[in-house]
Amino acid sequence: MINIHDIDTVELDMEEGSLVIIDQTLLPGRLELLRLKTPEEVWEAIKMLRVRGAPAIGAAAACGIYLAARGFKSADFNGYYREFAQVKQYLESARPTAVNLFWALDRMEKTLLESRGADREEIEAALGREAQGIISEDIRVCHSLGEYALTLTQRGWGLLTHCNAGKLATIRYGTATAPIYLGLERGYNFRVFVDETRPLLQGARLTAYELHSAGADVTLICDNMAASVMKNGQVQAVFTGCDRVAANGDAANKIGTLAVAVLAKRYNIPFYICAPTSSIDMQTLTGEDIVIEERDGSEVTDMWYTEPMSVRGIKVFNPAFDVTDAELITAIVTEKGIAYPPYDASLAEIMKSK
Ligand code: MRU
């Protein structure tokens, strides 16, 4: 049987001209790969969370626009750029909150603009290198972030995480899970509590699955049990990912993250956001400016149930993310170092460094 850790979450098959992803909507029951070729297929995969998690979405979109560019009809650069801009805008419309989607597509656009004057073959090669670069860079970035995060822990600690900021949300190590994987290699003996993460169960379906497959000590809990394990002294630190960090340190992440942060504050437990610099958006000044995706109410009433779990016609509020106020965040861990409050200064410093 294939182990999830033997495959990267997003791969670019240049020869076949496809983006290869794990269909995360089928996990943990079935491990199936999807080969996507068209922008429509990539858009659908991002929208439906077949590929999900901020860094993985960015990498998938970069591969998607590269593959689309291989089929553009225009012979002149301006026409080619217009086709590129249309696909870029289309892919950006798949999900609004994770800044990595916009960051990765902006990088691809910059590469294209820098190739003005080159012939078609060279332009395509440059775009392919950039997409591939975004994938390989993510592996290094998550590893480095994990090293910093590990310095915030001690052997034998209980850690709690929410949603999936794991391998399945990136290419290989995850962000919030990176210290857990490194700790596993180095005998830290962490006990990890994983929130189920209603309504789409990224914690139960994905994080529990990938950490368990790696041999970590994992305990799955319902979202409403986090307070109990904290109060009982079973959790010494919380690590979560994020979809966008504003310049003041407010951080958008999966719905329910805010509640975990409030609880952590109540029980004096450090609450860490793991954010590759690709998730830090200095153009967004505060969390109030972050667009929060709202998803279909049927995800709350019907999904994962064999029959509807609420009365037909009920109003449902289903925001996919919430914003944790900077004041609740003990530190923001990046691949370039750890940012502490006040975040406007510390994040600016980190974003300046090469
Ligand atoms: O809706 P999802 O599953 O894409 O939400 C994912 C999260 O909230 C993750 O925590 C975040 O993207 C960070 S992934 C390293």
Within the chain, helix-based [θ] at 222 nm, where runs of 4 or more DSSP H residues each add -39,500 (n - 2.57), nearest 500: -11500 deg cm²/dmol
Sparse-neighbourhood loop sites, GluC sites (Glu not before Pro) in region 50-145 - DSSP loop, at most 14 other Cβ within 10 angstrom: none
Ile7-Lys354 FRET efficiency (beta carbon distance; Förster radius 41 Å; 0.05 resolution): 0.85
Theoretical gain in end-to-end length, Tyr267 to Leu285 [0.36 nm per residue, Cα-Cα removed]: 3.6 nm
Most fluctuating residue given options Ile269, Ile332, Ile46, as computed from a GNM of the chain linking Cα atoms under 10 Å: Ile269
Cα-based Rg / Dmax (Å) for region 4-141: 14.4, 49
Loop trypsin sites (Lys or Arg not before Pro), region 293-326, which have at most 16 other Cβ atoms in a 10 Å radius of their Cβ (DSSP): Arg312, Lys315
Qualifying trypsin sites (Lys or Arg not before Pro) in region 6-88, DSSP loop, other Cβ atoms within 10 Å at most 12: Arg30, Lys73
Cut-off 20 Å, label 7 Å out along Cα→Cβ of Asp23, residues of region 288-332 by amide N: 299, 303-306
Inter-site label distance for Leu33 and Asp106 at 7 Å from Cα along Cβ, in nm: 3.3
Region 62-184: Rg to Rh, with Rh as the Kirkwood radius over Cα pairs: 1.12
Separation of alpha-carbon centers, region 319-342 and region 204-229, rounded to whole Å: 22
Nearest-10 value in Å² for the accessible area of Tyr209, using the 1.4 Å probe: 40
Dipole magnitude (debye, nearest 20) for region 167-264, charges at Cβ of Lys, Arg, Asp, Glu: 80
Distance-filtered residues of region 209-247 - backbone nitrogen under 19 Å, label point 7 angstrom along Gln154 Cα→Cβ: 230-239
Cut-off 14 Å, label 7 Å out along Cα→Cβ of Glu83, residues of region 40-73 by amide N: 65-73
Reciprocal of mean inverse Cα separation for the chain (Kirkwood radius, Å): 20.6
Rounded to the nearest 10 Å², the accessible area of Met48 at probe 1.4 Å: 90
Virtual spin-label span in nm between Glu15 and Met225, 7 Å along Cα→Cβ: 4.6
Simple spin-label estimate for Ala125 and Ile139 in nanometres, 7 Å along Cα-Cβ: 2.3
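The values are calculated or read from the model by the stated rules, or taken from the named source; none is laboratory data. A quick note: this is a predicted structure, and the numbers were derived from the prediction, not measured. Cβ coordinates were reconstructed from backbone atoms using ideal geometry, including for glycine residues, and neighbour counts include every protein chain displayed. Quick note on the areas: whole protein, heavy atoms, side chains included, nothing else; ligands and nucleic acids left out. Shrake-Rupley method; radii C 1.70, N 1.55, O 1.52, S 1.80 Å.
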